[in-house]
Number of protein chains: 2
Amino acid sequence: TSSGVFLLQMGWGDLGAFGEPSKETPNLDQMAAEGMLFLDFYTASPLCSPSRAALLTGRLPVRNGFYTTNGHARNAYTPQDIVGGIPDSELLLPELLKKGGYTNKIIGKWHLGHRPQFHPLKHGFDEWFGSPNCHFGPYNSTERPNIPVYRDWEMVGRYYEDFKIDLKTGEANLTQLYLQEALDFISKQQASQQPFFLYWAIDATHAPVYASKQFLGTSQRGLYGDAVREIDDSVGRILKHLQQLGISENTFVFFTSDNGAALISAPKQGGSNGPFLCGKQTTFEGGMREPAIAWWPGHIPAGGVSHQLGSVMDLFSTSLSLAGLQPPSDRQIDGIDLLPVILQGKLIDRPIFYYRGNELMAVRAGLYKAHYWTWSNSWEEHGKGIDFCPGQSVAGVTTHTQEEHTHLPLLFHLGRDPGEKYPLSFASEEYQRAVEHISGLVQQHKATLVPGQPQLNVCDQAVM
Amino acid sequence: TSSGVFLLQMGWGDLGAFGEPSKETPNLDQMAAEGMLFLDFYTASPLCSPSRAALLTGRLPVRNGFYTTNGHARNAYTPQDIVGGIPDSELLLPELLKKGGYTNKIIGKWHLGHRPQFHPLKHGFDEWFGSPNCHFGPYNSTERPNIPVYRDWEMVGRYYEDFKIDLKTGEANLTQLYLQEALDFISKQQASQQPFFLYWAIDATHAPVYASKQFLGTSQRGLYGDAVREIDDSVGRILKHLQQLGISENTFVFFTSDNGAALISAPKQGGSNGPFLCGKQTTFEGGMREPAIAWWPGHIPAGGVSHQLGSVMDLFSTSLSLAGLQPPSDRQIDGIDLLPVILQGKLIDRPIFYYRGNELMAVRAGLYKAHYWTWSNSWEEHGKGIDFCPGQSVAGVTTHTQEEHTHLPLLFHLGRDPGEKYPLSFASEEYQRAVEHISGLVQQHKATLVPGQPQLNVCDQAVM
């Protein structure tokens, strides 16, 4: 069985199926109606690089090295001058799938380091069309080059220069290029009857947001909505292509996001996290709870809904399971195989760890979530107009200083209070029972944790 | 064609189909999948009594008298000692439908006055099972009686005394009684082959929230969720009953709410307004934008979605249209006939007026909403812990003093910014174009407005 993973950068609230009031995602809504909706699904970090490293290794960023120790609870990613990247010691999903005869392709943003040793084709992918990084820019090429675009080993151009993005109009045809790549790859694999792993990780909804001409101005939601519509249309075309080639029943497809919508870019370029608190960069639900849909016609009953606590890291274990392969036994794997959940409706008891950089900020077990640390961003940043929680303010929760609660964690019941507005009373029996349980999980987690060598500590202009 | 209106007190975000993360409303979600979802549907007031008067008269509360002039922009309803009620001069939907041979029944909360002249059977209803008011209490019967429950003309008991509500456990079987009433009425009408209008306006999600024993503890969302599940189950049973009796294709059914979720009762007894700002009592989207579903198998195409700006007042005009009747021509009717929208996919250009008491606070036209006044609640109330916008705070918008913006209205684009967080720049061309248009609508509205005699100005203990 082949696997396809759509990894986007949309918020929970950006899909019609998840309550976006403009309801402009008919293809994703249809995917959900035909498949299974995961309502309690998480990314592994509120920022993109660490989430992607976690998805591909099945391991928390703090284990696979995608974090920094430069500051406490500091989010970090892979800017152009980053020295680190995905260590050779990490085993990536495509490396493992290769042993099962899979052809692996990444389309879009790699984000696991851009020095030669970190190239995706050195880590199990057979093909790549995309960039090592986001399409930030344009840059003055003398001081800082524009982000390159690769086809496999070869750099084929740079954003803004060879791959046009018009920041004024928001026009760029990149999503169409990435869509065509996916369709062609799937056709080729179907013709050769080889299983494949396709990782479609495009970046259209990341600021600066862009969309193709035919989608510009088509959304009620502005440019961001145009980009969402184009992604929705692309997902629909890819699924239809699988069906038309007659391989949809042999292809497991999963749609999710690498972090919550970036509210700092709102309203022009920012999405929606629905009823949840804050957004990207935070360990509140808005930062890490993601829209998630599993689709596999003939296997997943249509209209399914699961409350399994899931994680992007589970896509590692699940894809291996689909390939009949075992996860590596020489290291801690944080992902779980979701097939019993998807095919037999099981619920697997497991916690969700919310890390921010090197710090375990919060833990969810069942419907309870305990915050050991709270932080939105610094007063200094906030004073400059950078706001991770625009229009939202919960006293003692969305704090602008790093607040430690390790002795008396803030506890929320996410069923009654998905927006994390009403901490439970410390004196309640409910509080004591839940915190005792979660603290046990934390102890266990910390006792066995072997942090990886932090990869995101050092920048050096020389590596650009 | 018969009409059924479910009028509940749930928020936009309480339905799975509208993005509630626990997704516990399979019957309502199914109703939406089989019918048409209205995503831009409004009540006529952020409080219950005026909304209900508007639904049944097709007229804004400021016209039909369901407001107070005791204070500026003051919400008012019909407490037990209210002197006023629905004036005889108002023509109610059931009065008009009677001329079309309809039998009309109200099940649940009337809320249009409780003195004898306001009795629903004096205003067109043929049958009533329910109460004139919410199930507040219990009261010490010497000073203030408990709310009575009527079967038609006869008082058959009182809440807490004869109709038990256990505030400790939250147990009450009222929704089951109201469900059975509906099923029996529909059976009777089917047997007699007479068209009917059923107004199912139960109050289970109004604080103090209750649910029947079999639903207690079944929701992830606590007691409020239990009540929602029971309502969802009841709606499913009623729709199934129509189908089993073979009259679903002759029965137009509409589900909506009379105000946004009451966030002051959260988290234990309060619902969700999804991504919208604030809740009940306010003229922000959370106070007046409602979940809405039209269902009419064989007529409404399954899975429809409409962005028509709709109002509970439209149910007046639409139900008349279904009965082949004309709305009265001697008065201003604010409702419009939604059948062209529902059956032919038309979009009718019309504004939405957001009143709070006697004041026009805001107006929506297309995707633009202009606030002429902003107010959440007073600092005094807020200091007592009464918060209409818990966890939300938008500078200059969720104000605790009444702020006038009539010269420079605050303008929001509800497509890009459904949460009303980012007022448009006064200097922008977009602002000037939109405000000019809306101000024209306001002028026109105010120039022709004939306010009704305010019914909610006077309370007198003697009327209890």
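A count restricted to segment A:388-398 and to residues that are under 21 Å from B:D387 (Cβ atoms), more than 9 Å from every other protein chain (Cβ to nearest Cβ) and surrounded by 19 or more Cβ atoms within 10 Å (Cβ to Cβ) stands at 1. Checked against (1) open to solvent by less than 40 Å² (accessible area, probe 1.4 Å); (2) free of Cβ contacts under 8 Å to residues at least 40 places away in the same chain; (3) under 23 Å from A:P291 (Cα atoms), A:V228 passes all but condition (2). Scanning segment B:87-104 for residues that are more than 25 Å from B:D334 (Cβ to Cβ) and either surrounded by 23 or more Cβ atoms within 10 Å (Cβ to Cβ) or not hydroxyl-bearing (S, T, Y) (or both) turns up just one, B:G101. Taken over segment A:336-365, the residue count meeting the criterion of being open to solvent by 30 Å² or more (accessible area, probe 1.4 Å) and in contact with a Ser or Thr (Cβ under 6 Å, 6 or more places away or on another chain) is 3. Residues that are among the basic types (K, R) and within 18 Å of A:L315 (Cβ to Cβ): does segment A:114-124 have at least one? Checked against the condition, which is being among the basic types (K, R) and within 18 Å of A:L315 (Cβ to Cβ), segment A:114-124 yields no hits at all.
When you check B:S49 against the structure, is it buried (at least 24 other Cβ atoms within 10 Å of the Cβ), away from chain A (no Cβ under 14 Å) and outside any loop (DSSP other than H, G, I, E, B), yes or no? When the stated conditions are applied, B:S49 passes them. Beta carbons closer than 9 Å, at least 6 apart along the sequence or on distinct chains, pair a first residue in segment A:113-124 that is under 19 Å from A:A76 (Cα atoms) with a second that is at pLDDT below 95 and of a type in the set (S, T, N, Q) for A:G113/A:T78; A:H114/A:T78; A:H114/A:Q80; A:H114/A:N133; A:F118/A:T78.
Screening B:A427, B:A447 for residues that are in a loop (DSSP other than H, G, I, E, B), open to solvent by 70 Å² or more (accessible area, probe 1.4 Å) and more than 14 Å from chain A (Cβ to nearest Cβ) leaves exactly one candidate, B:A427.
This table checks each residue for (1) more than 20 Å from the chain's Cα centre (by Cα); (2) in a loop (DSSP other than H, G, I, E, B).
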site	(1), (2)
B:L55	no, no
B:G71	yes, yes
B:N75	no, yes
B:S89	yes, yes
B:L96	yes, no
B:K105	no, no
B:G108	no, no
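Within segment A:373-390, the residues that satisfy the criterion of being assigned to a loop (DSSP other than H, G, I, E, B) and either touching a Leu at 6+ places or on another chain (Cβ under 7 Å) or under 14 Å from A:G287 (Cβ atoms) (or both) are A:W375, A:S376, A:N377, A:D387, A:F388, A:C389, A:P390. Output the qualifying pairs, or none if there are none: Cβ atoms under 7 angstrom, residues six or more apart or on different chains, first residue in segment B:369-388 and among the acidic types (D, E), second residue surrounded by fewer than 21 Cβ atoms within 10 Å (Cβ to Cβ). Cβ pairs passing all conditions: B:D387/B:I264.
Examine segment B:218-226 for a residue that is of a type in the set (F, W, Y) and either touching an Asp or Glu at 6+ places or on another chain (Cβ under 6 Å) or more than 23 Å from B:E24 (Cβ to Cβ) (or both), and state whether such a residue exists. The answer is no; no qualifying residue exists. Looking only at segment A:153-171, decide whether some residue is surrounded by fewer than 23 Cβ atoms within 10 Å (Cβ to Cβ) and either assigned to a helix (DSSP H, G or I) or outside the structural domain of A:S234 (by the TED database) (or both). No, segment A:153-171 contains no residue that is surrounded by fewer than 23 Cβ atoms within 10 Å (Cβ to Cβ) and either assigned to a helix (DSSP H, G or I) or outside the structural domain of A:S234 (by the TED database) (or both).
Highlighted here would be strands (runs of 3 or more DSSP E) found entirely within segment A:232-335 that include at least 2 residues which are surrounded by fewer than 24 Cβ atoms within 10 Å (Cβ to Cβ), free of Cβ contacts under 8 Å to residues at least 12 places away in the same chain and among the basic types (K, R), but there are none. Out of all the residues in segment A:23-46, is one or more more than 14 Å from chain B (Cβ to nearest Cβ), hydrophobic (A, V, I, L, M, F, W, C), within 23 Å of A:R331 (Cβ to Cβ) and open to solvent by 10 Å² or more (accessible area, probe 1.4 Å)? Scanning segment A:23-46, I find no residue that is more than 14 Å from chain B (Cβ to nearest Cβ), hydrophobic (A, V, I, L, M, F, W, C), within 23 Å of A:R331 (Cβ to Cβ) and open to solvent by 10 Å² or more (accessible area, probe 1.4 Å), so the answer is no.
Looking across segment A:172-204, the residues that are assigned to a loop (DSSP other than H, G, I, E, B) and open to solvent by less than 10 Å² (accessible area, probe 1.4 Å) come down to A:A172, A:I202, A:D203, A:A204. Looking only at residues of segment B:404-422 that are surrounded by fewer than 21 Cβ atoms within 10 Å (Cβ to Cβ) and more than 26 Å from the chain's Cα centre (by Cα), we find that the one that is farthest from B:R74 (Cα to Cα) is B:Y422. Among the residues of segment B:203-225, those identified as hydroxyl-bearing (S, T, Y) and either more than 14 Å from chain A (Cβ to nearest Cβ) or under 19 Å from the mean Cα position of the chain (by Cα) (or both) are B:T205, B:Y210, B:S212, B:Y224. Inclusion of A:L7 among residues that are within 14 Å of chain B (Cβ to nearest Cβ) and either open to solvent by less than 10 Å² (accessible area, probe 1.4 Å) or at negative phi (or both) is not warranted.
Residues of segment B:397-413 that are assigned to a strand (DSSP E or B) and within 9 Å of B:W375 (Cβ to Cβ): B:E403 alone. Among the residues of segment B:246-265, those identified as among the polar types (S, T, N, Q) and either at pLDDT 95 or above or outside the structural domain of B:L277 (by the TED database) (or both) are B:S248, B:N250, B:T251, B:T256, B:S257, B:N259.
The values are calculated or read from the model by the stated rules, or taken from the named source; none is laboratory data. Quick caveat: nothing in here was measured; it's all calculated off a predicted structure. Glycine also receives a Cβ, built like all others from the backbone with ideal geometry; neighbour counts cover every protein chain displayed. Calculation scope for accessible area: heavy atoms of the full protein, side chains included, ligands and nucleic acids excluded. Shrake-Rupley method; radii C 1.70, N 1.55, O 1.52, S 1.80 Å.
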